[in-house]
Every structure is written in structure tokens, then in C-alpha cells.
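The values are calculated or read from the model by the stated rules, or taken from the named source; none is laboratory data. Note that this is a predicted model, so its numbers are computed, not measured. Backbone-built Cβ (ideal geometry, glycine too); neighbour counts: all protein chains shown.
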Amino acid sequence: MPSVASSGTHRRSLRDLAAGDLAGRRALVRVDFNVPLGGDPPQVRDPARIRAALPTIEHLRAAGARVVLMSHLGRPKGRPDPALSLRPVGRELEALIGADVGFVDDPLAAAAVDEVARLQPGGILLLENLRFWPGETDADPAFAAALARLGDLFVQDAFGTLHRAHASTSAVPAVLRPAVAGLLLAAEFEAFARLREEPARPYVAILGGAKISGKLETLRAILEHADRVLVGGGMASTFYLARGWEVGGSLVEHELVQVAAELLDAHGAERLEIAMDAVVAHDVRHPASPRVVAAAAMAPDTSVGDIGPRSRAAFARRIDEAATVFWNGPMGIFESPAFAEGTLAVARAVARATERGAYTVVGGGDSVAALAQMGLQGSVSHVSTGGGAGLELLAGRVLPGLAALESA
């Protein structure tokens, strides 16, 4: 596997290290175990992100490394929260990997160094939720140094956190070398490189979700590479308002209406295709009688909940014609059955495109959830573990977690 590359900067990957460089050494691995929990006692509801980390963990174990895993879970705001402990995640990892996983309650305690020292080659330890300490999100150098003392080398495998300048993502690799990309991270960057560097054409991108502010630079960048960008979800309402249409109570980012108008003027309907109809309701939280209307004919006492059937069919046709597809963000309020069909229609179309040979990348929690709901996770070329990080990568931004890794 080639070294990881982004914005012209190459980074070393785990494949660049020989087995002799790993045997007996303490590998401090940043994974993304930010998974949903539920039940009493808490259990992992969706282990997809844990499964995604297994190739890197198994590679290190096979080489005789002593594996120390660290992750965050939720937003405990710098203090312990038993509901967000990583203990249930450790139990799930044990079941998936078929080996014991030790647990470190306090990575800052002197006992943590002793626990790591006792770890045998091929053994695994999981540290408690890093966000139980304020030093993680503050990128505190002392916190980073305390983590770094638990490893002889650093492996970054948490793609979904690369855009955050936190202690475990950017500060630890600055002081712990070698600092390389894991196998998951390398696969993610290979997938996104195919989208940015000479994608097979036609290249169709589908963007949804509630807002365009976090996706604006990505949208501009994608318009430079893609042949057509399809826009649905809540972000479409900002474009409706830019056209002077009624949007009722729909979510709109008023400060970006002018930007949306400029994008429409610059690219036109041939490149930037906005959903042409919508499923609306008087109260999208309790949709008693949703109905389909043309996007230009909304009533002021309604709100958009999903793209309509004409848009679903039009989007599906574009996807069916594509050789490369990128999808991020639902087409509506996916959690509600009344507004789920647009997202499910896109999921089906992307799976069909993959089956006939298109290269397809799906990212973002709700997009991936739609695939999972239909049992289609294995029916696309690449399912990304990071929504925001993938968007920022496509926008050409330098990600702090990637910049901190060693150059090849």
C-alpha cells in the first residue's frame, strides 16, 4: 500500500514499518471508537467503527507489538461520565477479535505505565475515554506527554478525528516518533484520492444534510472536480431562498443565501442540480399529513422534510449514469419514516451504480445508516468512517491529525 498523501504531502504508513520495527514495541494507536451505546448495562449498538480498526490491530499483533488503544466517546466535557465509559467498547472488541482486552481507567496515573509494561507481545490495552480529561480537547502538551509515555511509536487510525487539533490526534504524534498512518487511514485516503485525482467520468456528487456552512468549501471544491452535484436535504432550502422561493419554516442559513445565489449563477442547473420538489408538512416533528409540492410552490406554513418523487427519480438517473459517485448527507429528516424515502432512494441508486462498475464512496452518519438499514453496507466501493474529515479533505484543507504524521 502506498504512503498516505494529501494536498501533495506524503505521510508514512504502517506498511512502511518492517515487522522487526514493531516486535515487542508499544504501539500507541489512536482509533475511533466513538460508537453508539444503549441498554442496561450499556452495550455497543453498532460496532462498524470497531470492525474498521481490526486490520490495523491484527497487523500490529501479528508483528508482536504491544497494542495500546485510545479513543474518545461522546462529549463528556472534560469530566468522567460513567454513561460514556469505553468499558463496553472493550468488551465488544474482545468478542470481535477473540482475545483479552485489558482496560486502563486512568492513563495519567503512574500505574498506567506499569500496566503497559506488563503487556505481552500481541496483547491489547484500551484506555478510558480521553475526553474525560480536559487536556484532550484543549490539546494540552502535558496531557499529550502523559499519553506519549505509554508508547514507543504512534499509529493514527482515526480518520473521523483528523480534522480536530486535539491532544491525541495532533499533539501526541508531535512528540512520539515514529508517527505513521494505520491501515484504515491509508484506505480512506486512497478512496478520497480517487475522487480528487482524475476520477472516472461522469463524476456525480450528492450532498445533503441540514446545513451548507460546514460543506460550503467542499461544495466549491467538488464543483471543480465533479461533472454534476446533486443537492437535497435541509441545505437545499438555502438555495430555494436564493432563488426567491418561499421556504416556510424550513431550516435556512440566511447568512449564506447570497453565497448560494452566486453558486447557482456560476454553475447553473447543469452542474448544480437542486431538488425540484419536496415532501412538506405543517410540523415536521409530528408529520400528520405530509404532502408533495413543487419546490417553487411551498406554502408559508409548511417546512421541508424530504425530497419529492420527481427529485428522487432525477437523482437516481444521474447516479445510474455515473462512473464515480460521492454521497454525503441524507435527503431529508431520515429518522422519520415519513421523510426517509428520499435518502433510501439515493442509497439504492448508489448500490446499483456500484454493481454495474462505478466507483462509489459514501460518508456521513445518516448516509451510512441508510445503507445499513437496507443491508447495503457491502454494496458500495468504500464506506468512510469520517463525515467531516472526508469533506474537509475534499475541500483541500490540511487536516491537523494528518499534518502531525511523519513525511514519507
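Just a few scattered comments:
- Test result for ARG310, without any contact (Cβ under 8 Å) to a residue 60 or more places away in the chain, under 24 Å from ALA242 (Cα atoms) and among the basic types (Lys, Arg): yes
- Candidate set from region 303-338 (those that are part of a helix (DSSP H, G or I) and at pLDDT below 95); member that is nearest to the chain's Cα centre (by Cα): PRO337
Yes/no per residue for (1) at pLDDT 95 or above; (2) closer than 27 Å to GLY38 by Cα:
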| position | (1), (2) |
| --- | --- |
| ARG79 | yes, yes |
| ARG87 | yes, yes |
| ILE97 | yes, yes |
| ALA110 | no, no |
| ARG118 | yes, no |
| LEU130 | yes, yes |
| PRO134 | yes, yes |
| ASP138 | yes, no |
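- Scope region 250-302; condition touching a Ser or Thr at 6+ places or on another chain (Cβ under 7 Å) and part of a helix (DSSP H, G or I); matching residues: LEU256, VAL257, ALA260
Rundown of residues vs (1) free of Cβ contacts under 8 Å to residues at least 40 places away in the same chain; (2) over 28 Å from SER407 (Cα atoms), yes/no style:
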site	(1), (2)
PRO88	no, yes
VAL101	yes, yes
ALA110	yes, yes
GLN120	no, yes
THR169	no, no
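- Qualifying residue in region 193-211 (condition: touching a strand residue (DSSP E or B) at 6+ places or on another chain (Cβ under 9 Å), within 30 Å of ALA148 (Cβ to Cβ) and outside any loop (DSSP other than H, G, I, E, B)): yes
- Candidates ALA349, ALA338: the one that is surrounded by 20 or more Cβ atoms within 10 Å (Cβ to Cβ), of a type outside the set (Val, Ile, Thr), assigned by TED's automatic domain parsing to the domain that holds GLU273 and out of contact with any Cys (no Cβ under 7 Å at 6 or more places or on another chain) is ALA349.
- Verdict on HIS10 being in contact with a Lys or Arg (Cβ under 9 Å, 6 or more places away or on another chain) and either within 19 Å of ASP157 (Cα to Cα) or assigned to a loop (DSSP other than H, G, I, E, B) (or both): no
- Of the residues in region 280-300, none is crowded, with 22+ Cβ neighbours inside 10 Å, without any contact (Cβ under 8 Å) to a residue 40 or more places away in the chain and under 25 Å from the mean Cα position of the chain (by Cα).
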